[in-house]
Amino acid sequence: MSADTSTTAAAAATAGRLDRASARRILLHDHRIRLIELLPWVIALGVFFLFPGYRLLATQILIMILFALSLDLIVGYAGIVSLGHAAFFGTGSYVAALLVSSYGVPEPVTGVVAAVIVSAALGFVTGWILLRTHGLTLLMLTMAFAIMLHELANEFAELTGGFDGINFAPGPILGIFDFDPLWYSSNYFYALVFLFLGFLFVRAIIYSPFGRALVGIRENTRRMHAVGSPVLWRMVTAYTISAGLAGLAGAIYVQVQGNVTLGVLSFELSGEILVMLILGGTGRLYGAFIGAAVYKLLESFTEQILGTDQPYWMLVIGVVLIVTVLFTRNGFIGMYDDAIAWIRRRRRS
Amino acid sequence: MSEAVLETRDLNKNFGALQVSRNINFRLDAGARHALIGPNGAGKTTFVNLLTGVLSPTDGAVLLNGRDITHMRQDRRVKAGIARTFQINTLFAGLTVLENLYLAVSEHLGRAGAMFRPAGARREVVDEAMAALDGLRLADDAGKTIRELPYGRQRLVEIAIALALKPKVLLLDEPAAGVPSAESHLILDVIEALPEDIAVLIIEHDMDVVFRFAREITVLVQGGILASGPPDEIAANAEVRSVYLGEGTHD
């Protein structure tokens with residue numbers, strides 16, 4: 001159970017009998033922007049100015065947050081498990097790259113729009129077919145679909161560059177700002193702006209009636225059918241949006257670095273993004289932020305300390321994941337919730 | 001004879017070689033207070049699942065107001081006016097009572113697909129949800145999660161959700177099952193006070209409830225209808241007594 005709803009419940013329970021106005025207030029409560037929600041954006045701006053040497057890493061973190069956020073919409077909110085979300089990330093990546101390398105459209109925002117449309121369309125079609133299954137079957141099918149796309153990209157090497165990938169040079173953003181391969185300044189803000197837009201979009205959705213319906217589906221699908229919810233249609237809609245956002249993340253990922261390789265479609269990436277989300281916490285919006293940041297920072301720093309010749313960081317991530325899953329209710333964000341609840345209890349007594 | 005709201009024609013359902021519903025010809029009249037009884041495993045819940053579209057029949061037809069809905073999707077049937085409660089509580093256990101009702105009402109009013117307006121922004125959805133709770137005197141519990149409620153009150157939420165969908169047909173699958181006898185009168189009171197214009201089909205084991213409530217009784221045995229008629233007729237039916245009521249007295 002997500003703490004989101006339990007905090008609402010706690011607020012309501014103390015209110016006792018509810019009149020209609022307070023009932024509305026409680027439903028609207030989560031949607032209100034809290035001061036602490038500014039924190040990630042303040043950090044993001046701070047990092048840019050204080051640690052210019054880490055902008056490449058920080059840009060990758062921003063993009064992974066967006067990718068994890070897209071996954072959270074289906075895994076955390078609608079309860080749709082997927083081990084193949086890289087299929088949409090990778091589709092967005094290749095659409096953005098191929099537009100420049102094969103179709104001569106170098107403007108990056110155009111590439112992003114095309115990437116979102118194509119990956120959302122792919123999400124719609126596959127969602128319509130796959131979401132009739134559940135649990136392990138669905139997990140296997142999403143995985144199989146992503147692996148299939150990966151093989152397809154490998155097979156059509158003339159187009160995709162196969163194993164070597166494609167190097168391409170996107171033009172200036174909106175014809176104005178050039179990408180900055182050396183200091184990553186425009187690259188960083190490019191990623192930050194899209195993360196912010198993507199975040200606002202997801203945030204609006206999860207607190208909307210549609211978002212509540214997704215939580216209803218996650219909590220009790222049979223009940224949702226019985227109240228007349230078109231469950232499959234709702235899930236396909238969420239899956240389509242999620243795929244579009246993943247495609248957006250994928251497009252930015254390759255545009256800021258000017259190359260694409262088969263890695264963007266890999267099973268490893270599908271797994272990694274799920275691990276990031278679980279580390280951070282599912283169904284909580286900010287789990288994606290914390291999970292992606294912790295994962296990428298751990299990866300980067302263990303590599304710096306222990307060297308890149310051995311995959312030690314995998315070991316570190318493994319240990320952190322095991323500890324998190326065993327000892328927290330819902331990743332790092334669950335730890336945060338527990339800490340807040342503990343402090344409140346201390347204050348009261 | 002009044003007009004049938006819900007009707008089945010030669011309804012059959014097989015699970016492989018197992019026949020769980022056989023040739024069910026059933027009619028639920030407008031404003032009916034109809035009880036469906038039968039021993040365990042008689043196929044009562046299967047029948048409800050066929051009516052609501054959870055299961056599709058092997059053959060036969062289901063008609064709502066004369067319209068064939070045999071192949072209609074579950075959610076469309078709900079919108080067409082068939083609501084149900086479950087034998088075992090099927091609620092959003094971690095959500096508040098208000099949120100449970102909110103989800104039902106927003107689907108019913110066609111507001112649940114909206115993405116760019118916060119939940120709760122539409123006054124009529126919240127008002128209807130609260131009205132449904134008021135109707136069953138559940139408003140005091142609106143802010144509690146389902147888990148925090150005693151089982152009997154959870155059963156009432158099941159009924160409140162069904163009523164919030166403004167049904168023409170209400171299927172109550174053992175509404176008092178699992179409720180301690182001290183609380184069961186609360187549920188019976190609610191059932192007795194249901195609006196007259198709703199046709200009610202109740203599945204129940206408790207004969208006191210059945211004979212107090214029902215004006216029509218259908219007895220289901222091994223997936224088929226054994227007898228159907230007014231309560232005194234069913235009570236006097238020798239076959240019913242031996243198969244069903246007779247067994248009951250030996251418990």
Leading residue by the ranking (farthest from the other protein chains (Cβ to nearest Cβ)) among those in region A:17-68 that are of a type in the set (Val, Ile, Thr) and under 30 Å from residue B:141 (Cβ atoms): A:33
Checking residue B:46 against (1) more than 10 Å from every other protein chain (Cβ to nearest Cβ); (2) assigned to a loop (DSSP other than H, G, I, E, B); (3) touching a Gly at 6+ places or on another chain (Cβ under 8 Å), which test does it fail? (2)
Within region B:121-155, restricting to residues that are closer than 22 Å to residue A:208 by Cβ and among the aliphatic types (A, V, I, L, M), the one that is farthest from the other protein chains (Cβ to nearest Cβ) is B:132
Can you tell me which residue among B:158, B:174 is of a type in the set (D, E, K, R) and away from every other protein chain (no Cβ under 14 Å)? B:174
Condition (residue is in contact (Cβ under 8 Å) with a residue 40 or more places away in the chain and within 7 Å of chain A (Cβ to nearest Cβ)) applied to region B:72-86: is it met by at least one residue? yes
Could you please give the count of residues in region B:210-223 that are within 20 Å of residue B:242 (Cα to Cα) and either buried (at least 21 other Cβ atoms within 10 Å of the Cβ) or out of contact with any helix residue (DSSP H, G or I) (no Cβ under 7 Å at 6 or more places or on another chain) (or both)? 8
Which one of these does residue A:214 not meet: (1) aliphatic (A, V, I, L, M); (2) away from every other protein chain (no Cβ under 14 Å); (3) out of contact with any Ser or Thr (no Cβ under 6 Å at 6 or more places or on another chain); (4) not in a loop (DSSP other than H, G, I, E, B)? (2)
Go over the candidates B:153, B:147 one by one and state the one that is under 30 Å from residue A:204 (Cα atoms) and either surrounded by fewer than 23 Cβ atoms within 10 Å (Cβ to Cβ) or of a type outside the set (Val, Ile, Thr) (or both). B:147
Could you please give the count of residues in region A:112-169 that are in contact with a strand residue (DSSP E or B) (Cβ under 8 Å, 6 or more places away or on another chain) and not in a helix (DSSP H, G or I)? 5
Taking region B:62-71 as the search range and keeping residues that are under 20 Å from residue B:44 (Cα atoms) and part of a strand (DSSP E or B), which one is nearest to the other protein chains (Cβ to nearest Cβ)? B:64
I'm trying to understand the selection: among the residues of region A:312-349, which are more than 21 Å from the chain's Cα centre (by Cα) and under 22 Å from residue A:54 (Cβ atoms)? A:312, A:313, A:316
Among the residues of region B:86-101, the number that are crowded, with 21+ Cβ neighbours inside 10 Å and within 20 Å of the chain's Cα centre (by Cα) is 6
Please determine whether any residue of region A:295-309 is in a helix (DSSP H, G or I), acidic (Asp, Glu) and over 12 Å from the mean Cα position of the chain (by Cα). yes
Subset of region B:91-114 (residues that are of a type outside the set (A, V, I, L, M), free of Cβ contacts under 8 Å to residues at least 40 places away in the same chain, within 7 Å of chain A (Cβ to nearest Cβ) and in a loop (DSSP other than H, G, I, E, B)): B:111, B:113
Could you tell me whether region A:325-344 includes any residue that is surrounded by 23 or more Cβ atoms within 10 Å (Cβ to Cβ), in contact with a Gly (Cβ under 6 Å, 6 or more places away or on another chain) and assigned to a helix (DSSP H, G or I)? yes
Inspect all residues belonging to region B:155-162 and state whether any of them is basic (Lys, Arg) and under 17 Å from residue B:86 (Cα atoms). yes
Could you say which residue among A:228, A:247, A:258 is on the phi < 0 side of the Ramachandran plot and either more than 14 Å from chain B (Cβ to nearest Cβ) or over 22 Å from the mean Cα position of the chain (by Cα) (or both)? A:247
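Since every read-out is calculated from the coordinates, none of them should be taken as a lab result. Since we're looking at a predicted model, the values are computed, not measured. FYI the Cβ positions are ideal-geometry reconstructions off the backbone, even for glycines, and counts take in every protein chain you see.
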